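A short worksheet on the structure shown next.
The values are calculated or read from the model by the stated rules, or taken from the named source; none is laboratory data. Bear in mind that the values here come from a model prediction, so they are computed numbers and not experimental data. Because the Cβ atoms are built from the backbone with ideal geometry, glycine has one as well, and the counts that use them run over all protein chains shown.
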Amino acid sequence: MSELKRTPLREFHAAHGGRLVDFAGWEMPVQYRSILEEHKSVRRAAGLFDVSHMGEVDVRGPEAGAFLNYLVTNDVAKLYPGRVLYSPMCYPSGGVVDDLLVYLRGPEDYFLCINAGNIDKDLAWMREQAAKFKVTITDRSADYALLAVQGPRAAEIVQSLTGAKLGLVKYYHFTEATVAGINCLASRTGYTGEDGFELYHSAGDAVALAGALLAAGVSRGLELAGLGARDSLRLEAGYPLYGHEITADISPLAAGLGWTVKLDKGADFNGRAALRAEKQNGSPRRIVFFKTGDRRIVRADTPVLGPDGAAVGRVVSGTLSPILNEAIGSALVDARSVPAGDAAPGAALTVDIRGTKLPLHLVKPPFIELKKS
Amino acid sequence: MSNIPAELRYAKSHEWVRVESDGTATVGITDYAQNSLGDITYVQVPKVGASLKAGETFGVVESVKAASDLYAPIAGTVLAVNTALDGAPETVNRAPYTDGWMLKLKPADAGATAALLDAGAYSKLAG
């Protein structure tokens with residue numbers, strides 16, 4: 001595994017029993033104790049995740065805002081300093097290059113968080129698209145480490161280490177804060193469906209910050225959580241993962257992310273014409289979320305069968321919900337196979353798991369009630 | 001370092017067999033196997049009365065990560081299956097050699113376990 005990239009916390013993970021695996025070219029902990037137990041700890045109290053593999057990009061200059069509004073489908077003009085925006089970034093075809101978070105730090109000063117596996121592709125795409133704009137794009141991925149504290153007790157744990165008034169930082173907002181003596185961009189965001197913070201900080205401070213958060217959190221029920229729990233938490237919350245629910249071939253409209261596509265935001269953007277046409281005509285394929293009432297996991301690429309037994313699509317994500325104790329997942333299916341609407345109980349879709357036909361009960365996510373702020 | 005009890009016999013495919021005093025054989029998967037699989041979420045076992053050949057697939061163990069076939073370490077007839085695993089498959093993670101057992105077999109051949117690995121030989125595979 002010598003060619004894998006490492007975060008500053010690689011030795012911290014190993015010392016805490018992390019099981020390190022290759023994730024998108026990074027040596028990352030998939031679990032420490034148990035994926036299912038880590039998942040439940042995040043829902044019950046809190047989990048600490050190293051997500052330093054994620055990419056960070058500075059976008060600065062007089063036309064930074066206009067550039068970003070051309071680059072992404074959501075409306076960057078709505079941002080004000082301290083506000084965070086989630087958006088897909090599309091190709092002219094309407095397919096997705098990546099999904100990302102946009103932070104507005106100050107006038108002409110934006111900060112992006114992008115997926116680890118897409119860093120090189122995204123930077124090349126952004127630089128190509130930036131040709132017509134007065135903007136500077138800087139890859140900061142190696143400079144930043146990123147720790148996510150997630151769960152109902154996450155804010156209390158971070159608050160115990162900072163004088164910043166975190167109660168004033170609402171969901172999808174951020175502040176500059178000193179946490180355990182370390183300068184952080186503290187973002188009230190996450191990928192679990194729980195309340196919590198994502199703390200961007202200098203890579204050299206990662207070991208100290210992780211140690212301080214763990215020490216402050218253990219008595220409050222926090223445990224280290226790996227990428228296995230991160231994936232089951234995000235699926236239970238109904239959040240998309242690039243390469244699964246959204247890809248170069250699956251538009252945000254097909255993925256059920258219509259709320260992030262602002263066709264009438266008053267500025268042209270990559271994919272607008274294609275997405276407008278798709279909205280008018282209807283997406284030929286749709287992402288649906290399902291549960292089965294059975295513990296057998298319905299894994300990605302399992303064919304989805306229609307009422308006559310013919311394939312109408314395939315599963316794109318599947319796991320066991322540790323909270324519901326049944327298999328949950330998402331599938332890309334022919335839109336004609338499911339009635340319109342978010343949940344379509346009459347769809348009669350099935351999968352074949354080792355000779356057993358299991359019905360897919362379509363669900364409007366999240367799969368469980370979430371209490372994020 | 002995984003737990004490999006000296007009194008058991010082992011298949012290369014990471015199942016264990018214990019021959020009980022009444023001549024029946026109990027079968028499960030090893031500590032090494034459960035640890036490699038991670039969180040076990042589902043165990044599929046055959047029906048009581050099924051006849052298994054040595055090396056034949058008798059079921060499936062699923063974890064969050066993957067589904068893996070289970071292989072009969074010896075030939076025999078299924079006398080009982082561990083129905084407690086239906087609702088609590090994680091028992092295999094917690095107690096692979098005791099509460100996490102999977103099958104009780106009536107061995108087709110009383111000497112069949114002689115062909116399996118002893119703890120020392122298995123530890124070379126799964127140390």
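Points worth noting:
- Residues of region A:275-333 that turn out to be among the polar types (S, T, N, Q) and within 12 Å of chain B (Cβ to nearest Cβ), as a count: 5
- Residue match in region A:271-281 (condition: assigned to a loop (DSSP other than H, G, I, E, B) and either modelled with pLDDT under 95 or surrounded by fewer than 20 Cβ atoms within 10 Å (Cβ to Cβ) (or both)): no
- When the helices (runs of 4 or more DSSP H) confined to region A:5-122 are screened for residues that are surrounded by 21 or more Cβ atoms within 10 Å (Cβ to Cβ) and touching a Gly at 6+ places or on another chain (Cβ under 9 Å), those reaching at least 3 such residues are found at A:35-44.
- Residue within region B:30-39 that is more than 14 Å from chain A (Cβ to nearest Cβ) and touching a strand residue (DSSP E or B) at 6+ places or on another chain (Cβ under 7 Å) present: yes
- Options A:199, A:235, A:209; residue that is within 14 Å of chain B (Cβ to nearest Cβ) and either of a type in the set (A, V, I, L, M) or in a loop (DSSP other than H, G, I, E, B) (or both): A:235
- For region B:101-121, the criterion of being surrounded by 14 or more Cβ atoms within 10 Å (Cβ to Cβ), under 14 Å from the mean Cα position of the chain (by Cα) and small (Gly, Ala, Ser) is met by no residue.
- One residue from A:302, A:247 being within 30 Å of residue B:88 (Cα to Cα) and β-branched (Val, Ile, Thr): A:302
- Taking strands (runs of 3 or more DSSP E) as the structural unit, those lying wholly within region B:8-127 and holding at least 3 residues that are more than 27 Å from residue A:319 (Cβ to Cβ) and without any contact (Cβ under 8 Å) to a residue 60 or more places away in the chain correspond to B:76-81.
- Answer from A:311, A:273 - the residue that is touching a residue at least 40 places away in the same chain (Cβ under 8 Å), more than 24 Å from the chain's Cα centre (by Cα) and more than 27 Å from residue A:116 (Cα to Cα): A:273
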